[in-house]
Amino acid sequence: MQDPYAPASDGVAKPARTDFHTLATRFPRSEKREAALFTAAVLLMKLSKCYEARCDRFAARPACEQCQDESWRRARAGFERLMREYPRGRYYSDARGWLGYLSLLAGDRAGALAQYYRLLGEDDEGGRVEALFSLCLVRHHADDPDMDMVERTLEREPRAALAYAYH
């Protein structure tokens with residue numbers, strides 16, 4: 001598969017994601033680096049098959065392997081990198097929310113719910129509001145095996161487990 005960050009083959013029009021990735025790479029101490037990493041990950045997510053096809057997010061099915069294409073995996077890695085490098089950053093909560101959405105698009109309701117409960121347990125008020133909204137949309141579609149998986153996933157994460165217990 002062609003590198004999503006590579007310039008267009010005609011050399012005329014470079015995708016925006018290339019520019020954002022280049023900015024983050026060439027200027028590692030830039031005040032705009034966090035935003036560039038976030039935007040590059042969002043653009044990669046929008047290239048994934050599951051985002052383009054808008055797979056049935058609430059269907060009772062196992063995770064969609066075909067949906068987890070290279071763009072999906074790179075977007076996921078991009079959001080995880082952003083959270084690792086900027087744990088108190090402006091886009092941390094947004095990245096957590098997009099990770100949940102990526103899981104949901106790929107048919108992993110338990111993974112999405114775990115991300116949303118983690119977000120609910122964070123200090124960011126805006127992130128908690130987004131988590132509540134997302135949980136209202138997703139939670140009632142989850143079955144007992146999904147919730148068992150969420151519980152097992154969050155059992156070693158006190159803040160997220162408390163958010164789950166009180167929600």
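The values are calculated or read from the model by the stated rules, or taken from the named source; none is laboratory data. Only a predicted model underlies this, so the values are computations on that prediction, with no experimental measurement involved. Counting neighbours? That spans all protein chains shown, and the Cβs are built from the backbone with ideal geometry, glycine included. For the accessible areas, the whole protein counts, side chains as well, though only heavy atoms, and no ligand, DNA or RNA atoms are used. Shrake-Rupley method; radii C 1.70, N 1.55, O 1.52, S 1.80 Å.
What residue, among those in the stretch 78-97 that are in a helix (DSSP H, G or I) and small (G, A, S), is farthest from R128 (Cα to Cα)?
G78
Just to be sure before I move on: is A63 in contact with an Asp or Glu (Cβ under 6 Å, 6 or more places away or on another chain), modelled with pLDDT under 95, assigned to a loop (DSSP other than H, G, I, E, B) and of a type in the set (G, A, S) in the structure I sent?
So A63 passes the test.
Could you please let me know if R84 is at pLDDT 95 or above, under 27 Å from R29 (Cβ atoms), out of contact with any His (no Cβ under 8 Å at 6 or more places or on another chain) and open to solvent by 80 Å² or more (accessible area, probe 1.4 Å)?
Details: at pLDDT 95 or above: yes; under 27 Å from R29 (Cβ atoms): yes; out of contact with any His (no Cβ under 8 Å at 6 or more places or on another chain): yes; open to solvent by 80 Å² or more (accessible area, probe 1.4 Å): yes.
It is true that R84 is at pLDDT 95 or above, under 27 Å from R29 (Cβ atoms), out of contact with any His (no Cβ under 8 Å at 6 or more places or on another chain) and open to solvent by 80 Å² or more (accessible area, probe 1.4 Å).
If we keep just the residues of the stretch 99-120 that are in contact with a Pro (Cβ under 9 Å, 6 or more places away or on another chain) and assigned to a loop (DSSP other than H, G, I, E, B), which is least open to solvent (accessible area, probe 1.4 Å)?
G107
Considering only the stretch 121-161, state which residues are more than 19 Å from the chain's Cα centre (by Cα), farther than 23 Å from Y91 by Cα and assigned to a helix (DSSP H, G or I).
H140, H141, D144, P145, M147, D148, E151, R152
Which condition does D10 not pass, out of (1) of a type in the set (D, E); (2) in contact with a helix residue (DSSP H, G or I) (Cβ under 9 Å, 6 or more places away or on another chain); (3) at pLDDT below 90, if it passes all the others?
D10 satisfies every listed condition except (2).
Among (1) over 27 Å from A24 (Cβ atoms); (2) crowded, with 21+ Cβ neighbours inside 10 Å, where does R128 come up short?
Of (1) over 27 Å from A24 (Cβ atoms); (2) crowded, with 21+ Cβ neighbours inside 10 Å, only one is false for R128: (2).
Quick check, is R96 open to solvent by 10 Å² or more (accessible area, probe 1.4 Å), in contact (Cβ under 8 Å) with a residue 24 or more places away in the chain and in contact with a His (Cβ under 7 Å, 6 or more places away or on another chain)? Give the derivation first.
Working: open to solvent by 10 Å² or more (accessible area, probe 1.4 Å): yes; in contact (Cβ under 8 Å) with a residue 24 or more places away in the chain: yes; in contact with a His (Cβ under 7 Å, 6 or more places away or on another chain): no.
No, not satisfied.
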